[in-house]
Amino acid sequence: MERQARNIPEPDIAVLRDGERAAWFTACLLQRAASEALSQAPVFTIALSGGSTPMKMFDLLSTAPQFSNIPWDRIHIFWTDERCVPTHKQESNYGNAKRHLLDKISVPLENIHPWPVSLPHTEGAEAYENELRTFFRLSKGLFPAFDLMLLGAGTDGHIASLFPQDPALEIQDKMAAAVEGGTPFLKRLTLTLPVINNSKRLLLVLTGMSKAKIFAKIISDPACDLPAAMVRPLNGKIIWVVDRKAASIFLHADC
Ligand code: 6PG
């Protein structure tokens, strides 16, 4: 099997009945990861993905009593990527997280680290890299290790704002990149693969029929050149959280 030949570990996959339950499960994983990490460390760092998938989870985290004990004052929130649009726009990943989560929980402003979209494109990437270097107290050449990173995947297999065949996928000496792409096609800012793969815990969350084909492809052909297949944490753990619709092709494929 390709996976063994290339020493790619078997993935942990959680299949939930529907998108609601997938959001609930992801929120529970976040809550447990934070609780475990904060028993050993003063702060917990998380990088949130963008797009529409995380919104259900944001709404649960900000409203469900089960999650009211999450110590947001000890959690620092970053983003895996951002679209270079004003934060009031619906395309803004930070703006959506603010509307669905941040405005409804008590989290100190200094714990929130949005990408600087008001800066010129490449300056924004450099500024975020500097912010990461300062926050994680990193000397040159080292990369941050987020306690938890949430990622979605596009139907084309992109993650964050790392799109198939994009030169940004080759970056090994920077934490952040200024790119263009996606739907809507926009200037974007994104973490690079060395940062993503340095995370301690990675949750890839895919729901809905539109993700069935890409999920089956990535799991059945882990050595393919799609960005989502390049998520291979060096020391961390990766869990795929999918609903039955996104898993429908994979579950019915010949094993
Ligand atoms: C972005 C996201 C992106 C997203 C996928 C899935 O800014 O576009 O970070 O990587 O996770 O495109 O998006 P949906 O959740 O909307 O399907």
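The values are calculated or read from the model by the stated rules, or taken from the named source; none is laboratory data. Computed from a predicted structure; not experimentally measured. All Cβ positions, even for glycine, are placed from backbone atoms using ideal geometry, and neighbour counts span all protein chains on display. These area figures cover heavy atoms from the full protein model, side chains too; ligands, DNA and RNA do not enter into them. Shrake-Rupley method; radii C 1.70, N 1.55, O 1.52, S 1.80 Å.
Tell me, what is the per residue accessible area of region 14-254 in Å², probe radius 1.4 Å? Before the final figure, lay out each step's value.
Working: 10850 Å² over 241 residues.
Averaged over the residues of region 14-254, the accessible area is 45 Å².
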Give the total of Lys-Lys pairs in region 14-254 with Cα-Cα distances below 15 Å; include a pair only if its members are 8 or more places apart or on different chains.
9
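For a Förster distance of 45 Å, can you work out the FRET efficiency between the beta-carbons of residue 69 and residue 121, rounded to the nearest 0.05? Provide the component values of the computation, followed by the final result.
Working: r = 40 Å, r/R0 = 0.89.
That pair, residue 69 with residue 121, gives E of 0.65.
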Per-q log10 I(q)/I(0), region 14-254, q = 0.13 Å⁻¹ (Debye; single scatterer per alpha-carbon; no solvent):
-0.75
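Per residue of the chain, what 222 nm ellipticity follows from adding -39500 (n - 2.57) for every DSSP H run with n ≥ 4, rounded to the nearest 500? Working shown, then result.
Numbers: 8 runs with 78 residues, N = 255.
Computed mean residue ellipticity for the chain: -9000 deg cm²/dmol.
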Peptides 179-190, 205-216: what's the order by average Cβ count within 10 Å, highest mean first?
205-216, 179-190
Can you give me the Cα centroid spacing of region 184-244 and region 97-158 in angstrom?
18 Å
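Carbon and sulfur together cover what percent of the accessible area of the chain at a 1.4 Å probe radius? Let's see the in-between values first.
Numbers: 6410 of 12130 Å².
Carbon plus sulfur share of accessible area: 53 percent.
Relative contact order of the chain, please, whole-number percent, based on alpha carbon pairs below 8 angstrom and at least 6 residues apart. Could the numbers behind the result be given before it?
Values: 500 pairs, mean separation 60.2, N = 255.
For the chain, the relative contact order is 24 percent.
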List the DSSP H helices in the chain whose Cα atoms stretch 27 Å or more along the helix axis and whose mean Kyte-Doolittle hydropathy is at least -0.5.
19-38
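Go ahead and run the numbers for FRET between residue 251 and residue 20, Cβ-Cβ distance against an R0 of 25 Å, rounding to 0.05. Intermediate results must be reported in sequence, preceding the final value.
Details: r = 19 Å, r/R0 = 0.76.
It comes to 0.85.
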In nm, what is the difference between 0.36 nm times the number of residues separating residue 41 and residue 142 and their Cα-Cα distance?
34.3 nm
The answer for residue 202, listing residues at least 5 apart or on another chain whose modeled amide H is closer than 5 Å to its amide H, is 149, 237, 238, 239
Want the number for residue 10 to residue 170: 0.36 nm per residue separation, take away the alpha-carbon distance, what's left?
55.2 nm
